Amino acid sequence: GAGVSQTPSNKVTEKGKYVELRCDPISGHTALYWYRQSLGQGPEFLIYFQGTGAADDSGLPNDRFFAVRPEGSVSTLKIQRTERGDSAVYLCASSPGGSNTGELFFGEGSRLTVL
Amino acid sequence: DQQVKQNSPSLSVQEGRISILNCDYTNSMFDYFLWYKKYPAEGPTFLISISSIKDKNEDGRFTVFLNKSAKHLSLHIVPSQPGDSAVYFCAAPGSGNTGKLIFGQGTTLQVKP
């Protein structure tokens, strides 16, 4: 399909393990965003990429969270030493450019459960 | 500090009636606002937006009203349909002109047949 693709759709892991979540944005979209949505809450911003660079990582909760986008397309969100509080749906979104006043296109999310 | 707030977690209306979803914000400098709709197990999808220089924007059954003096916006759906049952989020632009959005907590709308 032509939309934002996220894998895996579901991930169950144990506390302390390392997790990687992948996002494949819409082709040609230079802006990519990661959000986290906890139960009963709205999406919470984590990090924004314009091209290959992380232009705004102010939403990352701590240094266990890291994201990369080495070729300016696919992005990977990496979580080290997972904690139960990391359990959430991780959403990826893309848009044609960073400084627009338009919509973000979201993927279906990766549901992370930390036991 | 929650800059965008949706104080009603849920709303239930009868098919054919009007649904009104509310959103309050704290930052008077927001340039625009958006509403997103989310079905279970899907990502949020854009529904409608409004510029801060306008007080109303209409798209089919959906109308968004902006009251800047009250820092309040609302989404009206009329007539409501069962397929409108979803979670609705209002959103505003975050700082830094990056295109990132700040979302409210969401309101779950149930439209009963």
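The values are calculated or read from the model by the stated rules, or taken from the named source; none is laboratory data. It should be emphasised that the depicted structure is a prediction, and the values quoted were computed from it without experimental measurement. All Cβ positions, even for glycine, are placed from backbone atoms using ideal geometry, and neighbour counts span all protein chains on display.
Summary of computed values
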| read-out | value |
| --- | --- |
| Count of the stretch B:89-101 residues which are assigned to a strand (DSSP E or B) and either crowded, with 24+ Cβ neighbours inside 10 Å or within 7 Å of chain A (Cβ to nearest Cβ) (or both) | 4 |
| From the options A:R22, A:R111, A:R84, residue that is in contact with a strand residue (DSSP E or B) (Cβ under 9 Å, 6 or more places away or on another chain), surrounded by 14 or more Cβ atoms within 10 Å (Cβ to Cβ) and more than 9 Å from chain B (Cβ to nearest Cβ) | A:R22 |
| Residues being farther than 24 Å from A:H29 by Cα and outside any loop (DSSP other than H, G, I, E, B) - total across the stretch A:57-84 | 2 |
| Residue in the stretch A:87-101 that is of a type in the set (S, T, Y), out of contact with any strand residue (DSSP E or B) (no Cβ under 7 Å at 6 or more places or on another chain), without any contact (Cβ under 8 Å) to a residue 40 or more places away in the chain and loosely packed, with under 14 Cβ neighbours inside 10 Å present | yes |
| Among (1) within 23 Å of A:C23 (Cα to Cα); (2) at pLDDT below 95 - the single one B:A91 does not satisfy | (2) |
| Residue under evaluation B:S19, criteria (1) in contact with a Phe, Trp or Tyr (Cβ under 8 Å, 6 or more places away or on another chain); (2) surrounded by 18 or more Cβ atoms within 10 Å (Cβ to Cβ), criterion not met | (1) |
| Test: residue in the stretch A:28-51 that is at the interface with chain B (Cβ under 9 Å from one of its Cβ atoms), surrounded by fewer than 18 Cβ atoms within 10 Å (Cβ to Cβ) and in a strand (DSSP E or B) | yes |
| Evaluation of A:P96 against (1) modelled with pLDDT under 95; (2) in contact with a Ser or Thr (Cβ under 6 Å, 6 or more places away or on another chain); (3) closer than 23 Å to B:W35 by Cα (one fails), failing number | (2) |
| Residue list for the stretch B:66-81, restricted to those being under 11 Å from the mean Cα position of the chain (by Cα) and farther than 15 Å from B:S49 by Cβ | B:H72, B:I77 |
| Entirely in the stretch B:1-62, the strands (runs of 3 or more DSSP E) that have 2 or more residues that are over 14 Å from B:A86 (Cβ atoms) and either under 12 Å from the mean Cα position of the chain (by Cα) or modelled with pLDDT of 95 or more (or both) | B:19-25, B:32-38, B:45-51, B:56-59 |
| Qualifying position, being of a type outside the set (K, R), more than 18 Å from B:Q110 (Cβ to Cβ) and at the interface with another protein chain (Cβ under 10 Å from one of its Cβ atoms), among B:L73, B:L34, B:L47 | B:L34 |
| B:L101 hydrophobic (A, V, I, L, M, F, W, C) and at pLDDT below 95 | yes |
